[in-house]
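Novice: Okay, here's the structure, questions in a sec.
Every number here is computed from the coordinates shown, using simple stated rules; none is lab data. Values in this document were obtained by computation on a predicted structure and should not be read as measured data. Backbone-built Cβ (ideal geometry, glycine too); neighbour counts: all protein chains shown.
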Amino acid sequence: MESLVYGALVTISVLLSIQAAHILYLMIYTWDQDVGELTKAPEELIEPRLSFTAIVPARHEEEVIATTLERMVHCNYPTTLLQVIVVCSVDDTGTIDRVAEKIDDLRREGLYNAELVVFDDLPINKPHGLNCALQRAQGEVVTIFDAEDEMHPEILRVINTVMSTEGVNIVQAGVQLMNYGSNWYSTFNVLEYFFWFKSRLHHHAKHNSIPLGGNTCFFSRELLARVGGWDETNLTEDAEIGLRMSSLGEHVRVMYDDRYVTKEETPPSLGQFIKQRTRWNQGFMQTLRKGTWRQMPTFHQRFLACYTLAFPYAQALLGLYTPVALLLIFVLHTPVPVALVSFIPVLLLIAHFLTAAVGLREFTDAHGMVPSRTTVVKMAFMWIPYQLVLAYAAVRALRRQLSGQGNWEKTKHVGAHRTTLENEEVRSGA
Amino acid sequence: MAPNWSTPLGRSGRQALAFSLVSGAITHAYHVFQYPLYVTDEGIYVQQAWSVVREGMLSPYTYFYDHAPGGWLLMAAWANILPGQFEAFGNAINTIRVLMVIAHVISVGLLFGITRRFSGSVSGAFLACFLFNFSPLAVYYQRQVLLDNLMVLWLLLSIYLLSRADNRLVTAMGSGFAFGVALVTKENALFFVPALAYLSYKMASGERNRRFQLQFWWFAAAIPVSVYILFAELKNELLPSGFDFNVSNPPANHVSLLYSIWWQISRSGPQGRNLFVQLMEGSWLSRDPYILIAGCIAVVLVLLLWSQDRENRLGYLVAGMMAMGYGFYMVRGSILLDFYVVPMIPVLAMNIGLLYAAVMKKAPERAKIALTAAIVVLALIIPGGYFVARGTQGNLQAHDLYHLEVTALQEQQIAWVRKNVPPNSRLIIDDDMWTALHDVKPYYPRAHSHFKAASDPAVRDKLFRRNWQNIDYVIMSNKMRAAMERNNGNGAENYMLDAIDQHGQRVWDLNRGGIHLAVYKIEK
């Protein structure tokens, strides 16, 4: 019996080590491979040529939607080539009123390219809203911005240049959480985005097996229409459509340029954070089960998709294994070789932490911030609790998935990534 | 920005590299089973590798952290994959000597790559490898089963990876890890830390991923070391019992990694400096004065050259720092053994190669080839050089390295023991024959080295009980008597010396030149 336990311990340690090493590699991919220059935005921007439709799905976003709309219609792109659609469910009267009020303000300024789309059918979720808005979209390129997004004013000119000169149908530009110092988990959450968009997505794009992000993603409208838009039954419609596009052989151009990222905020409370993470995990589980990824032509593509989508299961298992491992520390006196093997995942955990610490410096440098000296110390203390929260969210997703709960748990946005002054300016302008 | 050293090797470069690899294989593999004599330290490392494979332990005796086990773990892995394992090449030491030859050939390739990248010169790299391959000092020690030879391999691999200058994180990780393995193969790699750390820093400087490069280099280097420390902690052998670091009174309860490190550090004194001079005169200069003298001069000039062109000669500084770092270790007055010179050999060769490259930089290609060929030919044909030696009658002959058959004498001694000594006898031996007596039938399970019979409580107090009457035979290797006397500071060898001097009857001996082997039967 004892040897069975040791065997299991060694097997789990080895599997965890492989998994952690692979994740680490994906985190540092862009710094390891010389892809930096290839994925940057072009320095020379051409004249606006393509027309855009920017869809902003919103639900209970009264606090931030006006600022977002204001910023979008005032971006540096001709209004004749830009259509902005805010899409809401009919029951969300607060957001509808705020958007209508803002659209009136804009019209008084002579800006007529913003409109509101309201839907009254089910399901009430983001992909359904996107599909409703897609029917009204007129631009050659369709993009999505979330209600709290702070898009860069030049991003459409950048994408116009990339899509026109490179002939690609899909571009995923960078999205970045900014408020790394808001609370104990926000630093890690910010860094997850940083590593995901700046590094890992490049690996996925290279192998043409890419779960797209939820916003700042640009599609040819014709392509979107051809694939039937977004999957309304999926909680991560962004990842699903990305893998669906990959299976159709569509190449995705990933562009992460620190200058042009769309800025977002971390969920304002731990509960909101867990809900968001649960939704992502559940969405990945759904996409895995749906199996579109199986249609990808190469084994490597299928492996990468399956590996990514199955990750929440691995994280859930890790969450369940953690208390067992802690118990074993106290009750099991393992032979030295077994203990040494089980130390390898710990080493990799340390490597992950160090990478996060260095990543923080990279992130703050890129965005002209100066991290406080205590940030890394706080990170050191909060690293394990954060991992446990992620594991809990994965277990929660698994439980919801098994019990058939598939409703959309919305993430609240308060605009923590925006400066107070900026919000006030927008409100006074409104 | 880090220098760009990644220039193509070219046809002449490939030829020079091929010649270096082949000549390195020949000088080291030819006659490796016959010369030099199997020595005590070879026997210790091989018996510990044997213990890994046969017993799943780091040593057949109490492992007291005298050295980190990286070296003999690799030896064990090598023996384990061979058909016949330790006896694959005749005997255990021969089998591991083959690993040393392989390690040397790989080291040659790495040294060539490093020197060429540091200097931009094929002829400089070729000359460095020629010295590394042919120096009698190098061949003599590099054939032996020594942890230092494996440490050099990992060290050179670490530098080579950094010198690739490809700005990849996996390269930085690989380099750091290789250096970490060097540290747990032989701890004296520690003295290369300043040079390696500086090189890793400079290679990352100005690069977009510099922070990650440095992080991963250091982290990867720390992995093998931390595993070693964890190993000690898991066995409750990290700290000495009672936190007692008194070197004159070792804690009796259990061995300790930190205590052993402290003990090693404390083993320094003026005797060490005298020892350095003695070894320099007696063991090193007599084998190859050229590489030592020219190497020392080269280090000074290489550092001078660096100071004149710091921008483009980073490798010169690194090579100089390596020599200075390890040189400090050798002259600082610590306990020194003759083979501790091993890591210095490639470093001096590298410095000479770099100096040669700088001197010949503006020379025409043909002149470089002609002069390099002339140096090689002269080194090989001049009597007292690298290949031709004068015999006792003044006749010219190949160097001892390539014709003397000395290990056969040791084989004869073991054959005599097998034929005449009962396997259950209690034997005092030297470590060089330990594996032969424990791995080949008939086994001699009660054959133990005089070092263990003097210091390991399990052997000294339980088997021999510090009493000459419990010894049946003493199998004397060459210079074992002197080693016993040197190790007798606390009288721990007295009962064995008594057995030989007062009660021993010489039943077999063999004397050839300076080699004296004997077997004593202890009469009771």
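Novice: Please sort through the DSSP H helices of chain A and keep those with an alpha-carbon extent of at least 27 Å along the long axis and a Kyte-Doolittle average not below -1.0.
Specialist: Passing helices, by number: A:2-32, A:299-331, A:336-366, A:375-402.
Novice: Tell me the Kirkwood hydrodynamic radius of segment B:170-227 in angstroms, computed as one over the mean inverse distance between distinct C-alpha pairs.
Specialist: 11.2
Novice: May I pose another question? Using alpha carbons only, how many degrees (0 to 90, rounded to 10) separate the axis of helix B:40-55 from the longest principal axis of chain B?
Specialist: Its long axis makes an angle of about 80 degrees.
Novice: Please count, across chain B, the pairs of lysine residues with Cα atoms under 30 Å apart that sit 8 or more places apart or on different chains.
Specialist: Lysine pair count for chain B: 28.
Novice: Related question: Computed over the Cα atoms of the protein assembly as shown, what is the convex hull's projected area averaged over all directions, in nm²?
Specialist: Seen from a random direction, the Cα hull of the protein assembly as shown projects 46.5 nm² on average.
Novice: Across segment A:37-300, how many lysine pairs separated by 8 or more positions, or lying on different chains, have Cα atoms within less than 29 Å?
Specialist: Summing the qualifying lysine pairs gives 18.
Novice: In addition: Measure nothing but the geometry: give the 0 to 90° angle between the long axis through the Cα atoms of B:494-503 and the longest principal axis through the Cα atoms of chain B, rounded to 10°.
Specialist: Relative to chain B, helix B:494-503 is tipped by roughly 60 degrees.
Novice: May I pose another question? Return the calculated 222 nm mean residue ellipticity for chain B, to the nearest 500 deg cm²/dmol, obtained by summing -39500 (n - 2.57) across DSSP H runs with n ≥ 4 and dividing by the residue count.
Specialist: Calculated from helices alone, the mean residue ellipticity at 222 nm is -18500 deg cm²/dmol.
Novice: Relative contact order of chain A, please, whole-number percent, based on alpha carbon pairs below 8 angstrom and at least 6 residues apart.
Specialist: Over chain A, the number comes to 21 percent.
Novice: Then there is this: Pairs of Cα atoms under 8 Å, at least six residues apart: use those to get the relative contact order of chain B, whole percent.
Specialist: Relative contact order of chain B: 17 percent.
Novice: Summing -39500 (n - 2.57) over the DSSP H runs of n ≥ 4 in chain A and dividing by its residue number, what mean residue ellipticity at 222 nm do you reach, to the nearest 500 deg cm²/dmol?
Specialist: That calculation yields -18500 deg cm²/dmol at 222 nm.
Novice: Let me ask something additional. With everything on Cα atoms, drop me the angle between helix B:270-279 and the longest principal axis of chain B, reported from 0 to 90° to the nearest 10.
Specialist: Helix B:270-279 sits at roughly 80 degrees to that axis.
Novice: Further question: Lys/Arg Cβ at +1, Asp/Glu Cβ at -1, dipole of the protein assembly as shown taken about the Cα centre: which of A:L156, B:H503, B:F126 is farthest positive-ward?
Specialist: Toward the positive end, the furthest listed residue is B:H503.
Novice: Partner chain Cβ atoms within 10 Å, averaged over the residues of A:26-32 - can you pull that number for me?
Specialist: Taking all residues of A:26-32 together, the mean is 5.
Novice: Okay, next question. Sorted from largest down, what three extents in whole angstroms do the Cα atoms of segment B:407-522 have along their principal axes?
Specialist: Largest first, segment B:407-522 extends 34, 31, 22 Å along its Cα principal axes.
Novice: Could you put A:C217, B:C296, B:C129 in order, starting from the residue whose Cβ has the fewest other Cβ atoms within 10 Å?
Specialist: If I rank by nearby Cβ atoms, fewest first, I get B:C296, A:C217, B:C129.
Novice: Counting alpha carbon pairs within less than 8 Å and at least 6 residues apart, what relative contact order, in whole percent, applies to segment B:1-119?
Specialist: 34
Novice: Let me ask another. In terms of the Cα gyration tensor, with a ≥ b ≥ c the square roots of its eigenvalues, is segment A:178-261 rounded because a/c is under 1.5, prolate because a/b exceeds b/c, or oblate?
Specialist: Since a/c reaches 1.5 and a/b is larger than b/c, the shape of segment A:178-261 is classed as prolate.
Novice: Separate question: Determine the dipole magnitude for chain A: charges of +1 sit on the beta-carbon of Lys and Arg, -1 on that of Asp and Glu, nothing else is charged, the reference point is the Cα centre, and the result goes in debye to the nearest 20.
Specialist: For chain A, the charge dipole is close to 1400 debye.
Novice: First obtain the Kirkwood hydrodynamic radius of segment A:37-300 from its Cα pairs, then insert it into the Stokes-Einstein equation at 20 °C and 1.002 mPa s, and state the resulting D in µm² per second as a whole number.
Specialist: 115
Novice: Let me ask you something else. Any number yet on Rg/Rh for segment A:50-200, C-alpha, Kirkwood?
Specialist: Taking Rh as the inverse mean 1/r over Cα pairs, Rg/Rh reads 0.98.
Novice: Report Rg (one decimal) and Dmax (nearest whole number) for chain B, counting Cα atoms only, units Å.
Specialist: 24.1, 77
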